[in-house]
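Report on one structure; see the data block that follows.
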Amino acid sequence: MLWRKLARHASVLVATVLLGGLLSAVLMRFAPGFDVDEAQLDPRLDAASLDALRSSRAGERNILSFYFHSLERAIQGDLGMSISLQQPVSTLLRERGPLTLHLVGVGLLLSWAFAMALALSAAWLRITAYDVVSTFLSGAFLCVPAAVLALLSVLWNVPGSLAIALIVFPRVYRYARNLLEKAYGMPHIVTARAKGLSELRILFWHVVPVVAPQLLAVAGVSVSTAVGAAIPVEGLCGLAGVGQLAWQAALSRDLPLLMNITVLVTLVTLLANSGADVIVQVLRGQRA
């Protein structure tokens, strides 16, 4: 039964990744100005050179044919050539991936550490003023656009991973705080408090185990949030990662590069959510 669920989940994952790549290619193909190349504005080019520039993207006009040919090459390990950078897409992703992985990983660790420290301390202390201040702080960061936080990180010369952490933090905190507050209203928590158990023991022995599965689900969602935040952060901070690559690909209408980045981001997001779902199912099966 478990293997059937995993197989069904894997098939849905593959279909979603393929559909995401196709949709990104279609949106890019029908975006305004797709057939226009900035190099065509160069007055030094003659008619033959302009015709060569136009014909260089002729294979992208039939988007379905282009997409399925790209899939055939990808199966053989060829992700195509970046039009704007004139380098193999696989090389670009391999060179820039580690930086993005580092930024996203450190950003997630910082955001979760800060969010859980505030949420757990607010639930343990149960001081109204402290709860109001922490909620106001998370709400303030939630209202600030990701691009503004990226620009502030440049002005204040702080790491880009901190900007990603501040983008993810309020979403994790508010959900974790709501889960903890709901858990404290459950009957067995009231009984434990009536029996004289300390607040610290109630928190870690009776509250945290109840909210842990839901927090794992939030962890999967926070990965996709951090990956999405890496695009404006890297683009505005001048960090040579996959996020900056996606920014450049969108501006230059680089279809092969943007399509592969979309597939990669979709795959990472789905794997993070699927991994969290599998862990939650295993934990619930053990508890049952």
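The values are calculated or read from the model by the stated rules, or taken from the named source; none is laboratory data. Note that the coordinates shown come from a computational prediction; the quantities given were computed from them, not determined experimentally. Here the Cβ is made from the backbone with ideal geometry for all residues, glycine too, and neighbour counts use every protein chain on show.
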Notebook entry, point to check: Is it the case that some residue within the range 246-255 is touching a strand residue (DSSP E or B) at 6+ places or on another chain (Cβ under 8 Å), in contact (Cβ under 8 Å) with a residue 60 or more places away in the chain and not small (Gly, Ala, Ser)?
Noted result: no
Item checked: Subset of the range 100-130 (residues that are touching an Asp or Glu at 6+ places or on another chain (Cβ under 8 Å) and either under 24 Å from Val17 (Cβ atoms) or modelled with pLDDT of 90 or more (or both)) -> Thr100, Leu103
Next item on the list: Looking at (1) surrounded by fewer than 20 Cβ atoms within 10 Å (Cβ to Cβ); (2) closer than 21 Å to Ser24 by Cβ; (3) in contact (Cβ under 8 Å) with a residue 60 or more places away in the chain, find the lone condition where Leu258 falls short.
Entry: (1)
Margin query: Glu72 - would you say it is at pLDDT 90 or above and either under 28 Å from Gly21 (Cβ atoms) or not small (Gly, Ala, Ser) (or both)?
Written below: no
Margin query: Against the definition (free of Cβ contacts under 8 Å to residues at least 60 places away in the same chain, over 30 Å from Gly241 (Cα atoms) and in a helix (DSSP H, G or I)), how does Ala183 come out, yes or no?
Written below: yes
Next item on the list: Give the residues of the range 231-242 that are buried (at least 24 other Cβ atoms within 10 Å of the Cβ) and over 15 Å from Leu151 (Cβ atoms), sorted by residue number.
Entry: Gly241, Val242
Note to self: For Asn178, only one of the following conditions fails: (1) surrounded by 14 or more Cβ atoms within 10 Å (Cβ to Cβ); (2) free of Cβ contacts under 8 Å to residues at least 24 places away in the same chain; (3) under 17 Å from Gln214 (Cβ atoms); (4) not charged (D, E, K, R). What is its number?
What the structure shows: (1)
Check: Within the range 35-68, how many residues turn out to be surrounded by 13 or more Cβ atoms within 10 Å (Cβ to Cβ), under 29 Å from Leu270 (Cα atoms) and modelled with pLDDT under 85?
Finding: 3
Notebook entry, point to check: Which of the residues that make up the range 69-80 are surrounded by fewer than 16 Cβ atoms within 10 Å (Cβ to Cβ) and not charged (D, E, K, R)?
Noted result: His69, Leu71, Ile75, Gln76, Gly77
Checklist line | Complete set of residues in the range 77-136 that are under 15 Å from Val172 (Cβ atoms) and of a type in the set (Ser, Thr, Tyr) | finding: Ser111, Ser121, Ser134, Thr135
